[in-house]
Amino acid sequence: MDIRELLRHLRQGESNRAIGRALGMNRKTVGRYRRWAGRQGLLKGELPSLERLERLLKETFLCGCAPQNVSSVQGFCEYVLGLRREGVEIAAIHQRLKERGYRGSYSSVYRFVRSLEPREPEAVVRVETKPGEEAQVDFGYAGKMIDPVSDRVRKSWLFVMTLSWSRHQYVEFVFDQKVETWLKLHRHSFEFFGGVPQRIVPDNLKAAILKACWHEPEAQQAYRECAQHYDFLIAPCRPRTPQHKGKVEKGGVHYVKRNFLAGRELCHLDQANRDVLHWIHETAGMRIHGTTKERPLERFEREKASLKPLPNIPYDIAVWKQLKVGRDCYVHFDNAYYSVPFRLVGQKVQVRGGCELVQIYSLDHRLITTHNRARKPGERLTHTDHLPPFKIEGVILTRENCRRKAASIGPWTKKMVDRLLDHRPEDRLRVAGRLLRLAQRYGPKRLEAAIKRALAYGETSYLSVKKILETGLDAEPIRARRSASGVCAFVRSNKELTGHLTGGLSWR
């Protein structure tokens with residue numbers, strides 16, 4: 001224990017519990033040290049030298065005032081040492097001790113083993129980079145803020161990108177850590193700095209890294225595209241080693257929390273983003289940094305020329321997902337549906353969703369099809385050639401399509417289709433569709449003639465028109481005569497009507 005560190009906390013008036021958490025001590029032990037320091041007059045005034053403090057501590061505190069706690073595991077010391085030499089873990093040791101009648105907790109066994117095996121402090125090496133060489137990025141929880149769209153209170157996150165040489169940083173608050181948000185924040189950061197560093201050091205969050213590995217990490221596909229567009233390298237830190245990005249961990253996320261967010265009242269997220277930009281320039285950028293001993297903004301002015309220039313076209317924020325083609329020949333991406341050729345039903349494809357286009361690729365990166373981006377949830381975008389041929393007619397069959405196609409064939413076809421579609425109460429839409437499909441087999445001209453003949457005889461059924469086409473009657477002239485009443489009558493000769501029954505004899 002560092003007695004000077006303990007006295008520093010005591011002199012600042014911190015509680016026993018807070019000091020215990022900070023120094024890893026029991027709060028009652030802290031209380032005994034507080035009483036001892038008060039008796040020795042060490043809570044005020046100038047502190048004596050470290051040698052004097054240690055001698056005073058040994059003479060007046062450790063000789064009898066210090067707690068003399070004996071571990072409950074002390075009686076099993078030799079047995080525990082033997083198990084540790086065999087490589088037995090602490091949890092297993094606790095279980096073995098319980099079998100021998102021990103009633104203490106796992107924590108007591110853990111503390112006892114750690115006292116027998118003190119850990120040597122690990123030496124670290126500070127890594128400094130050249131101007132423009134590196135930036136570190138990280139997310140951190142920022143508390144709750146008001147959503148300006150829904151006016152609801154939601155959890156928010158802060159994103160920080162810190163330039164490793166100058167310590168100048170960009171901060172933005174968001175409501176999620178999705179891939180598209182992650183990419184958008186990089187774009188905003190580069191535009192804020194006016195350039196791009198050579199290397200970005202992220203954490204191993206899913207928006208950036210698919211496979212966390214020290215030797216061969218696998219970056220998320222959309223993040224790789226972003227890196228290629230801006231020409232930076234992705235260098236994730238080793239899993240579970242946040243100290244590898246300490247510049248953004250301590251001087252970024254923690255600093256923003258302690259300085260900008262501390263004591264801040266609940267506000268709208270867009271207001272917080274406006275305020276934090278002002279804070280970056282007026283407070284964070286103008287402080288004397290503890291390591292560099294310079295102002296970050298002043299160092300940034302010298303670093304700016306070392307950053308890579310921004311590309312002429314900003315990155316089109318795109319999200320990649322691997323999806324399975326459904327039985328209906330669609331993939332469901334970002335709350336909308338996009339058609340895929342029916343031969344790929346049941347197979348997996350890669351979907352790239354940009355701001356304007358949605359592109360679908362095979363797993364070996366061959367482009368399959370492209371759609372415009374859906375503009376509303378639940379929208380279904382379809383290329384009809386993606387559907388099975390025998391299913392297409394049913395999908396595109398609508399009243400508007402039927403009327404439009406009938407009008408293109410001729411006035412008689414339009415008249416008959418209008419009658420079918422206006423029929424009530426039965427729905428004749430499918431009948432109208434079958435009627436129009438006769439044009440594919442017999443041609444539009446023959447269909448128009450057949451319908452004209454059927455209507456002339458008062459027929460409006462699909463079967464009548466089909467029979468006329470099958471027997472070729474559409475090519476025969478339509479004969480009519482006017483009756484005495486002035487009504488047109490269409491007649492055949494008696495031989496046509498009954499000749500096969502009367503042997504060709506006339507009848508009255």
Could you tell me which of the pairs Lys247/Lys308; Lys155/Lys247; Lys250/Lys321; Lys144/Lys348; Lys28/Lys58 are separated by over 28 angstrom between their Cα atoms in the structure shown? Lys250/Lys321; Lys144/Lys348
Ranked from highest to lowest mean number of other Cβ atoms within 10 Å per residue, what is the order of the peptides 75-82, 264-271? 75-82, 264-271
Taking a crude spin-label model, label points 7 Å out from Cα along the C-beta direction, the Leu277 to Ser107 distance in nm is 4.9
Averaged per residue, what accessible area in Å² does segment 241-363 show with a 1.4 Å probe, protein chains only? 54
Report in % the part of the accessible area of segment 395-457 that belongs to carbon and sulfur, leaving out ligands and nucleic acids; probe 1.4 Å. 53
Count charges around Val345 for me, please; just the other residues with Cβ under 10 Å from its Cβ, Lys/Arg as +1, Asp/Glu as -1. +2
Pop the C-beta distance of Leu116 and Gln228 into the FRET formula with R0 = 30 Å and round what comes out to the nearest 0.05. 0.05
Test of understanding: what is the full-extension gain from Glu128 to Lys144, defined as 0.36 nm times their sequence separation minus their Cα-Cα distance? 2.3 nm
Give me the extension gain from Lys250 to Glu470: residue separation times 0.36 nm, minus the current Cα-Cα distance, reported in nm with one decimal. 70.6 nm
Straight-line reach only, C-alpha to C-alpha below 19 angstrom: list the lysines that Lys405 could link to, leaving out same-chain residues fewer than 8 apart. Lys391, Lys414, Lys415, Lys445, Lys452, Lys466
For Lys324, which aspartates and glutamates qualify as cross-link partners when the Cα separation must be under 20 Å and same-chain residues fewer than eight apart are set aside? Asp334, Asp364, Glu379, Asp385
The simple spin-label model distance between Gln347 and Lys155, using points 7 Å out along Cα→Cβ, in nm, is 4.0
With a cut-off of 8 Å between alpha carbons and a minimum separation of six or more residues, what is the relative contact order of segment 318-386 in percent? 32
Under the classification rounded if a/c is under 1.5, otherwise prolate if a/b is larger than b/c and oblate if not, where does segment 287-350 fall, given a ≥ b ≥ c as square roots of the Cα gyration tensor eigenvalues? prolate
When the chain is fully extended, how far beyond the present Cα-Cα distance does Leu463 get from Ala91, taking 0.36 nm per residue of separation? 125.5 nm
Report the accessible area of Asp147, computed with a 1.4 Å probe over the heavy atoms of all protein chains in place, in Å² rounded to the nearest 10. 10
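The values are calculated or read from the model by the stated rules, or taken from the named source; none is laboratory data. All values derive from a computational prediction rather than experimental measurement. All Cβ positions, glycine included, derive from the backbone under ideal geometry; neighbour counts span all protein chains shown. For accessibility, only protein heavy atoms count, side chains too; no ligands or nucleic acids. Shrake-Rupley method; radii C 1.70, N 1.55, O 1.52, S 1.80 Å.
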